[in-house]
Amino acid sequence: MAEPVSTDIVGGCCPPSDSLFERCGWFYALCREHLFHDHSPEIADGLWGGEGPPAGTHLLELGCGPGFYACRFAENYPHIRTTGIDLSKALLTRARTRAAAMKLQNCSFHQADVHQLPATVGTVDSIVVSRLFLVVPNRDDVMREIFRVLRPGGKCFVAEPVQSARTQFPLSAMWLLAKLSSFTKVPYVEPHRVTTMTEAEFGGLVQAQPWQDIVFRRDGRYQFAVCTKPAGVEEVSAVNTADLLEPCIA
Ligand SMILES: C[S@@+](CC[C@H](N)C(=O)[O-])C[C@H]1O[C@@H](n2cnc3c(N)ncnc32)[C@H](O)[C@@H]1O
């Protein structure tokens, strides 16, 4: 039987004890599995086209929650490596359990803040970001980090919901569950209402970075961007991910 993936922490940061994702992560994981759309085909096509990812590709999932995409792509493409990053210890534990149950050896999960990724992340070939900008306090900082850690020529795929009513349900349910299960008033960091981005706001956020190419798309419930970093841009981080994260993978 395969060993479970790493439980090492990369960023050295502390989890917010007052996050709804920490307290009600199980509920979010249920929603992710059964309620939200699975965009795996669109992500694979956007990042790698019909050929699929070349061998050795390193895919980063930022704000991975229960690790849905990191596990899915590690399973679909055994010749690549995936890394999920999240702040929530509870969700990272779920992600690791999921990867272990799927017997994945090419998938690991680490705790870090996406506003300031640790040097150990190094540079990566591809990044997937799904439903993350709904909850982060500073979207511009996160987008800057995405651009920074991508290798020249690397691509990121961003998927963000556009409908507040449908998107609101998990957050409201988590607030209710958290209130029902705590006797004192807890100041959770998440807002009560989700703020989805308009098309113009989403465009502005993505275009603030000097991408070589951006492809925008919208369907009924989501807006997407596939961004390519210019091949000529100098690598900002000199640290190589393979060297630093490899020993963490069991
Ligand atoms: C709405 S969930 C999205 C999860 C997953 N990407 C999906 O598609 O379902 C947002 C995730 O971002 C994580 N998160 C929020 N703020 C973060 C931060 N500053 N750094 C890292 N992860 C963060 C939360 O813990 C949660 O797992």
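Before moving on, here are some points about what is shown:
- Cross-chain or 6+ apart pairs with Cβ under 6 Å, segment 213-239 first and among the basic types (Lys, Arg), then at pLDDT 95 or above: 217/224; 229/150; 229/152; 229/154
- Residue 143 meets all of the listed conditions (1) of a type outside the set (Asp, Glu); (2) within 12 Å of the ligand (Cβ to nearest atom); (3) within 20 Å of residue 202 (Cα to Cα) but one, namely (2).
- Only residues that are among the β-branched types (Val, Ile, Thr) and either touching a Cys at 6+ places or on another chain (Cβ under 8 Å) or buried (at least 19 other Cβ atoms within 10 Å of the Cβ) (or both) were counted across segment 136-166, and they come to 4.
- Residues in segment 12-27 that are modelled with pLDDT of 85 or more and surrounded by fewer than 18 Cβ atoms within 10 Å (Cβ to Cβ): 26, 27.
- If you go through segment 118-130 and keep only what is within 12 Å of the ligand (Cβ to nearest atom) and modelled with pLDDT of 95 or more, you end up with 127, 128, 129, 130.
- Test: residue in segment 229-248 that is surrounded by 12 or more Cβ atoms within 10 Å (Cβ to Cβ), at pLDDT 90 or above and part of a strand (DSSP E or B): no
- Here residue 214 meets each of (1) among the β-branched types (Val, Ile, Thr); (2) under 30 Å from residue 123 (Cβ atoms); (3) surrounded by fewer than 14 Cβ atoms within 10 Å (Cβ to Cβ) with one exception, condition (3).
- Where residue 167 falls short, out of the listed (1) of a type in the set (S, T, N, Q); (2) under 18 Å from residue 20 (Cβ atoms); (3) more than 13 Å from the ligand (Cβ to nearest atom): (3)
- Set side by side, the residues 83, 97 differ, and just one is in contact with a His (Cβ under 7 Å, 6 or more places away or on another chain), of a type outside the set (D, E, K, R) and more than 10 Å from the ligand (Cβ to nearest atom), which is 83.
- Filtered by the rule that a residue be near the ligand (Cβ under 7 Å from one of its atoms) and either surrounded by fewer than 22 Cβ atoms within 10 Å (Cβ to Cβ) or farther than 21 Å from residue 112 by Cβ (or both), segment 33-67 gives a lone residue, 36.
- Any pair with Cβ under 7 angstrom, 6 or more apart, that starts in segment 170-193 at a residue that is loosely packed, with under 12 Cβ neighbours inside 10 Å and ends at one that is modelled with pLDDT under 85: 187/18
The values are calculated or read from the model by the stated rules, or taken from the named source; none is laboratory data. The structure displayed is predicted, hence computed values, not measured ones. Reconstructed Cβ throughout: ideal geometry from the backbone, glycine too, with neighbour counts over all protein chains shown.
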